[in-house]
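Enquirer: Could you have a look at this structure, given as structure tokens, before my questions?
The values are calculated or read from the model by the stated rules, or taken from the named source; none is laboratory data. None of the values given here were measured: they were computed from a predicted structure. In this analysis, Cβ positions are derived from the backbone assuming ideal geometry, glycine residues included, and neighbour counts consider all displayed protein chains. For the accessible areas, the whole protein counts, side chains as well, though only heavy atoms, and no ligand, DNA or RNA atoms are used. Shrake-Rupley method; radii C 1.70, N 1.55, O 1.52, S 1.80 Å.
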Amino acid sequence: MTNILTVKNLGKSFKSKRIIENISFEVRKGEIMAILGPNGAGKSTTIRNIMGIMYPDEGSIEFNGHPENTIPRQKIGYLPEERGLYKNVKVMDMILYLANLKDYPVKKARERALAYLAKFGLEGKDKVSVEELSKGMAQKVQFIASIIHEPDLLILDEPFSGLDPVSQETFKREIRELANNGTAILLSSHQMNVVEELCDRLFMIQRGKKVIYGTMEDVKNDYANFKCTIKGQNAPALLEMIPDVQRIEQNEDVTVLYLTQDVKIPTWIRQLPEELTIQELVIDRISLHEIFIDVATDQHQLQEGGVLNA
Ligand SMILES: Nc1ncnc2c1ncn2[C@@H]1O[C@H](COP(=O)(O)OP(=O)(O)OP(=O)(O)O)[C@@H](O)[C@H]1O
């Protein structure tokens, strides 16, 4: 697949503090790539460097074959983390103003804006001023503004925050459709269930450094260890006898045993102590949400270098 964006060995410091270090990844045509990490990990700093809002101290950024200083930024769409639209301007004027900044034909932008407003349930809001919109409505308008000019690369920083579940579904559908039509999408989100469902690949960053990079499938295969949930009153001493357990969590009569990476489930089940009280038992893999928590709290034993091949 064609690389639309190539980020190589990006590094940035503020004063003497290293914020991001050796960040390298690609975003390909037609894919949804997630950039994930705990608060303060360096996601927005990475995005701001890509957008040319700040300049990297080290490394390079290439977009569609263009090096950093010649990137045609009108082919990039950006929904920033900080939402901001001019308050006393009409919705349509706002969208057309932003389309014009991207050198996009006004007539075409108006047609697209009306179609998108209708798609997002905002028919008739084109003549309303931005300050009359609810937070979710304003976010939809800002999303429309970020895609109005048919960008090749779309960068979405926390696109789902503040949206109700129905609007989240609408956004998810639209983002998938844009990718299916060839847009390369880089998306930052803290909602792991949405990321798991929507994204093709992910890049996880912690304290400014890459910790996981790969397809959703590879990440799940390599990091989503099995966990066993047992319902029944069991003494900690008995649970601690069970082999291949990395961590035990107990909450009243529910115990979750987090298993080590290469455990063979049929063999493991046969080793469970006879005395164990089992009213219910479920074995499944941990979710991306749990992988994230493990990585962010340094509980996961990452492989050497901690990185998958993307
Ligand atoms: N202009 C700045 N000056 C100094 N430090 C900064 C500046 N911008 C960001 N930082 C620091 O850089 C680090 C990374 O911040 P960044 O906003 O990139 O994180 P993030 O991963 O996007 O976090 P969040 O999930 O909270 O949005 C933080 O420690 C932050 O305090």
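Enquirer: Output the number of residues of the range 14-32 satisfying the condition of being surrounded by fewer than 22 Cβ atoms within 10 Å (Cβ to Cβ) and more than 9 Å from the ligand (Cβ to nearest atom). Even if it seems obvious, please write down each step before you answer.
Expert: Residues of the range 14-32 that are surrounded by fewer than 22 Cβ atoms within 10 Å (Cβ to Cβ), as a first pass: 14-19, 21-22, 24-26, 28-31.
Now narrow it down to the ones that are more than 9 Å from the ligand (Cβ to nearest atom): 16, 18, 21-22, 24-26, 28-31.
Selection size over the range 14-32: 11.
Enquirer: Regarding the range 173-180, can at least one residue be identified that is touching a residue at least 40 places away in the same chain (Cβ under 8 Å), more than 20 Å from LYS102 (Cα to Cα) and polar (S, T, N, Q)?
Expert: Yes, the range 173-180 has at least one match.
Enquirer: Just a yes or no: is a residue in the range 77-87 open to solvent by 10 Å² or more (accessible area, probe 1.4 Å) and part of a helix (DSSP H, G or I)? Outline the logic, then answer.
Expert: Going residue by residue through the range 77-87, those that are open to solvent by 10 Å² or more (accessible area, probe 1.4 Å) are 78, 80-87.
So of that shortlist, the ones also part of a helix (DSSP H, G or I) come out as none.
No, that holds for no residue.
Enquirer: Pairs please, first residue from the range 251-262 and without any contact (Cβ under 8 Å) to a residue 40 or more places away in the chain, second anywhere and outside any loop (DSSP other than H, G, I, E, B) and loosely packed, with under 12 Cβ neighbours inside 10 Å, Cβ atoms under 8 Å, 6+ apart in sequence or on different chains.
Expert: If the second residue must be outside any loop (DSSP other than H, G, I, E, B) and loosely packed, with under 12 Cβ neighbours inside 10 Å, the pairs left are THR255/GLU249; VAL256/GLU249; TYR258/GLU249.
Enquirer: Now for a different question. (1) away from the ligand (no atom under 16 Å from the Cβ); (2) more than 23 Å from ILE50 (Cα to Cα); (3) not hydroxyl-bearing (Ser, Thr, Tyr): which one isn't true of GLY162, the others all being true?
Expert: Exception for GLY162: condition (1).
Enquirer: Among LYS108, LYS90, LYS8, which is the only one that is more than 16 Å from the ligand (Cβ to nearest atom), at pLDDT 95 or above, over 24 Å from the mean Cα position of the chain (by Cα) and open to solvent by 50 Å² or more (accessible area, probe 1.4 Å)? Spell out how you get there, then give the answer.
Expert: Details: LYS90 fails: at pLDDT 95 or above; LYS8 fails: over 24 Å from the mean Cα position of the chain (by Cα).
When all the criteria are applied, what remains is LYS108.
Enquirer: Go over the candidates LEU198, LEU276, LEU239, LEU272 one by one and state the one that is under 30 Å from ASN9 (Cα atoms) and surrounded by 15 or more Cβ atoms within 10 Å (Cβ to Cβ). Write out each step before concluding.
Expert: Numbers: LEU276 fails: under 30 Å from ASN9 (Cα atoms); LEU239 fails: under 30 Å from ASN9 (Cα atoms); LEU272 fails: under 30 Å from ASN9 (Cα atoms).
Within the list LEU198, LEU276, LEU239, LEU272, the selection yields LEU198.
Enquirer: Inside the range 270-286, can you point out the residues that are modelled with pLDDT under 95 and within 12 Å of LYS227 (Cα to Cα)?
Expert: ASP284, ARG285, ILE286
Enquirer: For VAL211, state whether it is open to solvent by 10 Å² or more (accessible area, probe 1.4 Å), within 16 Å of the ligand (Cβ to nearest atom) and either among the β-branched types (Val, Ile, Thr) or under 30 Å from LEU276 (Cβ atoms) (or both). Break it down into steps so the answer makes sense when it comes.
Expert: Working: open to solvent by 10 Å² or more (accessible area, probe 1.4 Å): yes; within 16 Å of the ligand (Cβ to nearest atom): yes; either among the β-branched types (Val, Ile, Thr) or under 30 Å from LEU276 (Cβ atoms) (or both): yes.
Yes; evaluated as a whole, the condition is true for this residue.
Enquirer: For the structure I just gave you, tell me whether ILE71 is surrounded by 19 or more Cβ atoms within 10 Å (Cβ to Cβ), hydrophobic (A, V, I, L, M, F, W, C) and in the same structural domain as LYS209 (by TED's automatic domain parsing). Quick ask: steps written out before the conclusion?
Expert: Numbers: surrounded by 19 or more Cβ atoms within 10 Å (Cβ to Cβ): yes; hydrophobic (A, V, I, L, M, F, W, C): yes; in the same structural domain as LYS209 (by TED's automatic domain parsing): yes.
Judged against the criteria, ILE71 is a match.
Enquirer: Has the range 142-150 got any residue that is outside any loop (DSSP other than H, G, I, E, B), crowded, with 16+ Cβ neighbours inside 10 Å, more than 19 Å from the chain's Cα centre (by Cα) and in contact (Cβ under 8 Å) with a residue 60 or more places away in the chain?
Expert: Yes - at least one qualifying residue is present in the range 142-150.
Enquirer: Still on this structure, I have one more. Being away from the ligand (no atom under 16 Å from the Cβ), crowded, with 16+ Cβ neighbours inside 10 Å and of a type in the set (S, T, N, Q) is the filter here; which residues of the range 33-68 pass it?
Expert: ASN64, the sole residue that qualifies.
Enquirer: Do we find a residue being open to solvent by 30 Å² or more (accessible area, probe 1.4 Å) and part of a loop (DSSP other than H, G, I, E, B) anywhere in the range 218-232?
Expert: No, every residue in the range 218-232 fails to be open to solvent by 30 Å² or more (accessible area, probe 1.4 Å) and part of a loop (DSSP other than H, G, I, E, B).
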